[in-house]
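The structure appears below as structure tokens.
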Amino acid sequence: MLSIKNLHVKLEEEDKQILKGVDLEIEAGKVHAIMGPNGSGKSTLSYVLSGKDGYEVTDGTAMLEGADVLEMEPEERAAAGLFLAFQYPVEIPGVGNMTFLRTAVNAQRKARGEEEMSAADFLKAVRARAKELKIDADMLKRPVNVGFSGGEKKRNEILQMAMLEPRMCILDETDSGLDVDAMKLVSEGVNALRSEGRGFLVITHYQRLLDHIKPDVVHIMADGKIVKSGGPELALEVENNGYGDILAEVA
Amino acid sequence: MADAAEKISTTDARLGGLSLPVGGWSEAARKDALARVQAMSLPERRDEYWKYTRPDTLTQAGAVPAALFDNDEAPIFGDMDRLNIVFVDGVFDRQASDDLSLEGVTIDRLAEAKTDIHWARDLYGVLEAKGQNPVPRPLAALNTAFASDGVVIHVTGKPSKPINLTYHHRSETSDAILHHVIRVDAGAEVTVLESGPAAARFNKCMEVDVADGATFHHVRAQGRDHERRAATHIFARLGTESVFKSFTLTANGVLTRNECVIELTGDDAVAHVAGACVGDGDFHHDDTVFITHDAVNCESRQVFKKVLRNGATGVFQGKILVKKDAQKTDGYQISQSLLLDEDSQFLAKPELEIYADDVACSHGSTSGAIDEDALFYLRSRGVPEGPATDLLTLAFLAEAVEEIENEDLRDEINDRLAAWLERHRS
Ligand SMILES: Nc1ncnc2c1ncn2[C@@H]1O[C@H](COP(=O)(O)OP(=O)(O)OP(=O)(O)O)[C@@H](O)[C@H]1O
Ligand SMILES: [Mg+2]
């Protein structure tokens, strides 16, 4: 599904290398988790994959189902099935959440040559999914993320993911800021989307999310590289002992 | 000395090409107005009030020719139930206009109004003359003196539909001067719409008297023809508990100066003036607003938003004057520009002058670019850059557009803005 090879990324504005050779292979139907110390480059990886400005790929490749994502505009990546749930979702005053969602859904459909969703079908779909995530009608009417609490913003990201039905989902610390119940809701939202044809990359600091969303593979990122990969037990090890042992072992 | 001589010669040259209409109920007012223009002289570049906008093409003897613009866009407000009054290059077109009779309102052509309509005589040139203080507005006085057409509208009830003044531009050299007088009686309510490019050069003045408890809604769309020039004035007087709400959409136009002068004379009155403009390239748009609070517990709002690209210029001069006894005044003023590139500019002069001690007034002015994080967020959800930029631009304009109370009108304005943005994508 997503194949990243030897990815090197530096900041465009300054001479600072952030990713220093990332290799990652995510198969369809699998959930991969990435953990790693603050500042190790996890968010940078997610931004580079989704096409944010400000980064320069100096080496390596990233292919989504055989297509070179690094060559695409952000909107083309989205239409190709890539989705990033932001660590810090952006507030957009003046743009209604509903309008935003519908514009996005239909823009992707249009780009893929599919028919647009009718207003009625769309409304039905949003209402059903919003209900599952306990997002009330008022939140749908408000401007995108404006005045949302931290947890509400994260739930709103998952709502977007549910509506857009991407094939490759990247979740950047979607668990941060969530209370115990919301964590469960969000995990259920993610689990509902788990399927044969869909891959997940879940960035997190905590084992707790991984109790709900059971990963197939866990990676540890440090200083711009994947330094260790393993099964779910790797996350438990981090939870119990921190990164010290792992980093010492690979150093 | 040289300046003064120059001003007088410009004024003489302009006035020399015009003739004062004689006879009728407005004759005296016109003579007075002519004397006012001669005393003030027409504006000139060095005048403080014209610091950001060059008046020369508005004051010179003849109009600069303006090409006619043609696209297949349907006329705005065209699908609404309305009473349509059509002017072609500044001349009333009876054939194209609807029958002027409508319950709750009496409408007459300026030149045809009976000599005994005291209410119009008490207004024509009166609010304009009052609005000459403390800042002179010579183009408005010129208008009062020489207006060749217009309508007088007396609202006595609540007419069932809006009155739409449609201004067609058919001649490349037309130079039109229109003057409308509107009186909204106590408790009455009306919506006046205006649309169209009007002429190569358009000087328009509207005097509005909103009596106690009356409501006046105004929505205007100045658009289309790129080369047109316009200087417009609205003078309004508001009685106790009256409401005045005016919104203007401006798209295109090499030069537009919209002045709005409002006096809140009765307690608990409300005045909102808003504008949304979108300009691309050779576009200069000036909103000049002067609101005087002269009564207790009144509210005024000024909301102006400008989207500028490819070297377009936006100007805002807005003043709130709160007189000594105008306690409990609530005054708000915001002017903002969205600069879509570095060549465009926004020049703003917000002013507060307050003599009462118990007031709440705020004002702010900003210039900014598209929020890159918001743009990326939208694109990462699959919305292409063009539509994403449009969405953010409409969001920027929303605060001004939302000043329009009627939902149908608001939607119509938003549709026009969206269509314009789509046509003008980079
Ligand atoms: N635009 C930028 N300008 C300057 N430094 C940047 C920029 N983007 C990333 N960095 C730096 O790159 C490094 C990696 O940042 P990144 O946000 O990817 O870390 P992270 O692994 O997601 O951390 P966290 O767990 O705290 O979210 C950090 O040192 C960060 O300061
Ligand atoms: Mg991060």
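The values are calculated or read from the model by the stated rules, or taken from the named source; none is laboratory data. Keep in mind it's a predicted model, so treat the numbers as computed, not measured. Glycine gets a Cβ as well: all are built from the backbone with ideal geometry, and neighbour counts include every protein chain shown. Heavy atoms of the whole protein, side chains included, go into the accessibility calculation; ligands, DNA and RNA do not. Shrake-Rupley method; radii C 1.70, N 1.55, O 1.52, S 1.80 Å.
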Just the accessible area for A:ASP175, please: 1.4 Å probe, Å², rounded to the nearest 10?
-> 10 Å²
Which chymotrypsin sites (Phe, Trp or Tyr not before Pro) in region B:153-259 pass both tests, a DSSP loop state and at most 10 other beta-carbon atoms within 10 Å?
-> none
Under 18 Å between C-alpha atoms, the lysine pairs in region A:84-179 lying 8 or more places apart or on different chains count 9
What does the convex hull of the alpha-carbon atoms of region A:176-251 project to on average, in nm²?
-> 5.7 nm²
Output the Cα-based Rg and Dmax of the protein assembly as shown in Å, rounding Rg to one decimal and Dmax to a whole number.
-> 30.8, 103
Express in Å², to the nearest 10, the accessible area of B:ASP108 obtained by rolling a 1.4 Å probe over the protein heavy atoms while all chains stay in place.
-> 50 Å²
Scan region B:117-185 for trypsin sites (Lys or Arg not before Pro) in coil per DSSP, keeping those whose Cβ has at most 12 other Cβ atoms within 10 Å, and list them by number.
-> B:ARG170
Specify which residue in the list B:ALA231, B:CYS298, B:GLY104 is farthest towards the positive end of the charge dipole of the protein assembly as shown, using unit charges on the beta carbon of Lys, Arg (+1) and Asp, Glu (-1), about the Cα centre.
-> B:GLY104
Along the positive direction of the dipole of region B:37-188 (beta-carbon charges: Lys, Arg +1; Asp, Glu -1; about the Cα centre), which of B:ASN71, B:THR53, B:ILE85 reaches farthest?
-> B:THR53
Take the alpha carbon gyration tensor of region A:10-81, find the square roots of its eigenvalues, order them as a ≥ b ≥ c, and report rounded if a/c is under 1.5; if not, report prolate when a/b exceeds b/c, else oblate.
-> oblate
Those trypsin sites (Lys or Arg not before Pro) from region B:1-45 that are DSSP loop and have at most 14 other Cβ neighbours within 10 Å turn out to be B:ARG45
Per-q log10 I(q)/I(0), region A:73-167, q = 0.10, 0.14 Å⁻¹ (Debye; single scatterer per alpha-carbon; no solvent) = -0.24, -0.48
Using a simple charge model, +1 on the beta-carbon of Lys and Arg, -1 on the beta-carbon of Asp and Glu, nothing else, what dipole does region B:1-81 show about its Cα centre, in debye to the nearest 20?
-> 600 debye
In degrees rounded to 10, the 0-90 angle between helix A:119-132 Cα long axis and the longest Cα principal axis of chain A is 50 degrees
Roughly speaking, what is the centre-to-centre gap between region B:137-198 and region B:251-320 when only Cα atoms are used, to the nearest Å?
-> 18 Å
In whole angstrom, the spacing between the Cα centers of region B:407-426 and region B:1-77 equals 32 Å
Under the classification rounded if a/c is under 1.5, otherwise prolate if a/b is larger than b/c and oblate if not, where does region B:59-129 fall, given a ≥ b ≥ c as square roots of the Cα gyration tensor eigenvalues?
-> oblate
Please compute P(r) over all alpha-carbon pairs of region B:167-244, binned at 5 Å starting from zero, and give each bin as a whole-number percent.
-> 4, 15, 25, 19, 13, 11, 8, 4, 1
Measure out, as a whole number of angstrom, how far apart the alpha-carbon centroids of region A:11-51 and region A:162-196 sit.
-> 19 Å
How big is the charge dipole of chain B about its Cα centre, in debye rounded to the nearest 20, if each Lys and Arg gets +1 on its Cβ and each Asp and Glu gets -1 on its Cβ?
-> 1000 debye
So the B/A interface buries, both sides summed and with a 1.4 Å probe, an accessible area in Å² (nearest 100) of 1800 Å²
With a ≥ b ≥ c the root eigenvalues of the C-alpha gyration tensor of region B:2-372, is it rounded (a/c under 1.5), prolate (a/b larger than b/c) or oblate?
-> rounded
With charges set only on the Cβ (+1 for Lys and Arg, -1 for Asp and Glu), what does the dipole of the protein assembly as shown come to about its Cα centre, in debye to the nearest 20?
-> 560 debye
GNM top mover of B:PHE396, B:PHE304, B:PHE316 - chain B, alpha-carbon springs below 10 Å | B:PHE396
For chain A, the longest principal axis of the Cα atoms and the Cα long axis of helix A:97-111 enclose an angle in degrees, to the nearest 10, of 80 degrees
Can you check what the Kirkwood hydrodynamic radius comes to for region B:352-406, Cα pairs only, in Å to one decimal?
-> 14.2 Å
Test item: A:92-101 mean partner chain Cβ contacts at 10 Å | 5
Give me the net charge of B:ALA29's neighbourhood, meaning all other residues with Cβ under 14 Å from the Cβ of B:ALA29; Lys, Arg count +1, Asp, Glu -1.
-> 0
Choice from B:ALA398, B:ALA356, B:ALA374 with maximal GNM fluctuation in chain B (Cα, 10 Å cutoff) = B:ALA374
Dipole-positive endmost among A:GLN87, B:SER26, A:GLY29 within the protein assembly as shown (Cβ charges, Cα centre) = B:SER26
From other protein chains only, count the Cβ atoms within 10 Å of every residue's Cβ in A:103-115, then give the mean.
-> 3
With all protein chains present and a 1.4 Å probe, how do B:VAL184, B:VAL126 order by accessible area, largest first?
-> B:VAL126, B:VAL184
Could you give the semi-axes, largest first, of the ellipsoid that matches chain A, computed as the square roots of 5 times the alpha carbon gyration tensor eigenvalues and rounded to whole Å?
-> 30, 21, 17
Pick from A:GLY113, A:GLY96, A:GLY151: which residue has the top mean-square fluctuation in a GNM of chain A where Cα pairs under 10 Å get a spring?
-> A:GLY113
Relative contact order (percent, whole number), region B:253-340, Cα cutoff 8 Å, 6+ residue spacing | 32 percent
Just the Cα atoms of region B:253-358: what Rg and Dmax do they give in Å?
-> 15.3, 46
Relative contact order of chain A, pairs being alpha-carbon contacts under 8 Å that are 6 or more residues apart, as % = 28 percent
Relative to the longest principal Cα axis of chain A, at what angle does helix A:150-164 sit, 0 to 90 degrees, rounded to 10?
-> 80 degrees
In peptide A:70-80, how many Cβ atoms from other protein chains are near each Cβ within 10 Å, on average?
-> 4
